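Here's the structure, in structure tokens; my notes come after.
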Amino acid sequence: MASTIFRSLHSHPFLFHPTALIRRKDVILYCTMRSAQTQMATQEKVKPQVKVSPHSTQSKALEKAAKDYEAVIGIETHVQLNTLTKAFCSCPYNYGSPPNTSVCPICMGLPGALPVLNLKVIESAVKVGLALNCKLSLNSKFDRKQYFYPDLPKGYQISQFDVPIATSGYIDLDLPLEFGGGHRKFGITRVHMEEDAGKLLHSEGGSYSQVDLNRAGVPLLEIVSEPDMRNGIEAAEYAAELQRLVRYLGVSNGNMQEGSLRCDVNISVRPIGQLQFGTKQVEIKNLNSFSSVSRAIDYEISRQVLLHSQGQDKEIVQETRLWEEGAQKTVTMRKKEGLADYRYFPEPDLPGVFLTTDYVDGIRNSLPELPETKRRRYEKMGLSMQDVLFLANDMNVAEFFDTTITKGADVKLATNWIMGDIAAYMKNEKLTINEIKLTPQELAELIASIKDGTISGKIGKEILFELLAKGGTVKGLIEAKDLVQIVDPAEIEKWVEKVLSENPKQLEQYRGGKTKLQGYFAGQVMKLSKGKANPGLLNKILLEKLNAKS
């Protein structure tokens, strides 16, 4: 396998010097180049910077100007599919593998190597298209997207251009209550299939980069939204809903940290009331979390509004900008390419994609209950929106909850246990709900045992943590530890009388008006009964004794 090293790259990052040194090694392919980052950084310094400080006079002007403008936001989301092999060859892809250990002549773009389409890619695309309420193209095709970059070995990307597999859809979501709540519906322009490029590994000093082609040829779905979002929160929640959707469908793990879900945000601002979009659209990249999406958008909106308000709107150019997490700002990356730059034409090495209605119907019938449908079902159960969003957020949590309910558990009690003690335990132990020892059957049994008075709520918590950590059964633990709740009035009365007789001073204070001491007496009785006294019966008997005439 070839090892190619390109050195002496000068003023432009992708123009190789005539005296480039080419060297071969076995196994590992590296493309090493000098970087133009230093030059770009110098150019960035020369440009006048717009600073948005929350404590400056400028900030007050910005706040005033912001009322006259609105943002128009669209998102291009790349979803990496979790197929066993790449899109057009039999190479597997495993995140974190050593560089260039999962490559072949096809994904390396060697002459004469021909692609063969992975049918699982089509299946995943149809699933996502249906889940996004899109119109499917029964006849679609692949195209070549031409551009030059060191991590693109063929010099073009196999993608879809004028006939994508799915178009004209929408996605429904609910905003969290802390962000104002409410329902939103965002349009989906298109969903298309394509392959990923390789990855550049930059040196610490920034003087050269190396190319890892493990990721080249990995299947992607690009989901393009309509420009329906107006702020960072809406955009971040849209991206989070897409992540939920692909996880529910099982087509991707959606991990942003691994690059399995990548968002490129397009933003322009326009005066409120203006119908046409802003002409200077800015794209933001390097967004590796939902919070980054929200903060980057809000910063970029502020930057553009401020320039408009200061009469410097010519400084807003059509470009690609990077989000710098440390500096909490966007910086210029490169001039934004237009469609003409890509010189699309049909891919001659792949046949068209033809779907039958039977094939599509078979996939439609196999779809699981999706997040939006699940949320509406939970609402009908009488759960609050906060409960609904928590339970439906994670497919495995929702499945655990649903199974618990089918075992006969009370809906609200099951919700409270899952959102409360179980969620806290998982967070502290850094476990998922699939990794805990507690089963839905035993949670339902625990809830029933508390509800019918077999054990108290306090003992129920003790049993819960035992089940979470070690497993077992509720009945087995109750019997082994003799935890059955005592509901014999005579026995509880004996404990109450014993506590009162041993605390004459507190009894006198209670009867003198310090009625809060009732909690003290109840605690002493529970301690004496080792937590097994029925709380309701205990308080009833205790009040009778406390208020009795001496």
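The values are calculated or read from the model by the stated rules, or taken from the named source; none is laboratory data. Here the structure is a predicted model, which means the values were calculated and not measured. Heads up, the Cβs are rebuilt from the backbone with ideal geometry, glycines too, and the neighbour counts pull from every protein chain shown. In case anyone asks, the SASA skips ligands and DNA or RNA and just uses the protein heavy atoms, side chains included. Shrake-Rupley method; radii C 1.70, N 1.55, O 1.52, S 1.80 Å.
Figures for the structure shown
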| quantity | calculated |
| --- | --- |
| Normalised alpha carbon radius of gyration of the stretch 338-468 [divisor 2.2 N^0.38 Å] | 1.58 |
| Beta bridges per DSSP with both ends in the chain, % antiparallel, nearest 5 | 90 percent |
| Whole-Å distance, taken between Cα centres, linking the stretch 105-157 and the stretch 416-434 | 40 Å |
| Cα-Cα separations in the stretch 129-280 greater than 24 Å, expressed as whole percent | 46 percent |
| Estimated dipole of the chain in Debye, rounded to 20 [Cβ of Lys and Arg +1, of Asp and Glu -1, Cα centre] | 1160 debye |
| Value of D in µm² per second that Stokes-Einstein yields for the stretch 82-188, Kirkwood Rh from Cα pairs, at 37 °C (0.692 mPa s) | 196 µm²/s |
| The chain: relative contact order as a whole-number percent, Cα under 8 Å and 6+ apart | 13 percent |
| Whole-Å semi-axes of the stretch 400-550's equivalent ellipsoid (Cα gyration tensor) | 36, 15, 13 |
| Angle between the chain longest axis and helix 457-470 axis [Cα atoms, degrees, rounded to 10] | 40 degrees |
| Distance in nm between pseudo-label sites at K285 and K481 (7 Å out along the Cβ direction from Cα) | 5.6 nm |
| Under 5 Å, built H, 5+ apart or other chain: amide partners of D143 | S159, Q160, F161, E347 |
| Order by protection proxy (mean Cβ within 10 Å, highest first), peptides 317-330, 392-405 | 392-405, 317-330 |
| The stretch 397-461 - charge dipole about Cα centre, Lys and Arg +1 at Cβ, Asp and Glu -1, debye rounded to 20 | 220 debye |
| Percent RCO, i.e. relative contact order, over the stretch 481-550, from Cα pairs under 8 Å lying at least 6 residues apart | 47 percent |
| Rg/Rh ratio calculated on Cα atoms of the chain (Kirkwood radius) | 1.11 |
| Volume in Å³ per residue [convex hull over Cα atoms, computed for the stretch 465-540] | 107 Å³ |
| Per residue accessible area of the chain, 1.4 Å probe, in Å² | 51 Å² |
| Overall form of the stretch 154-244 per C-alpha gyration tensor (a/c, 1.5; a/b vs b/c) | oblate |
| Residue among T454, S294, N139 farthest towards the positive dipole end of the chain, charges placed on Cβ | S294 |
| Net length gained if the chain between K380 and K516 were fully extended (0.36 nm per residue, minus Cα distance) | 44.9 nm |
| Net +/- balance of residues flanking H192 in space, Cβ distance below 14 Å, scoring K and R +1, D and E -1 | -3 |
| Rg [Å, one decimal], Dmax [Å, integer] - the stretch 295-373, C-alpha atoms | 22.1, 59 |
| Dipole-positive endmost among G182, N94, G362 within the chain (Cβ charges, Cα centre) | G182 |
| Helix-only CD estimate at 222 nm, as mean residue ellipticity for the chain, using -39500 (n - 2.57) per DSSP H run (n ≥ 4) | -11500 deg cm²/dmol |
| The chain - percent of accessible surface contributed by carbon and sulfur, probe 1.4 Å | 53 percent |
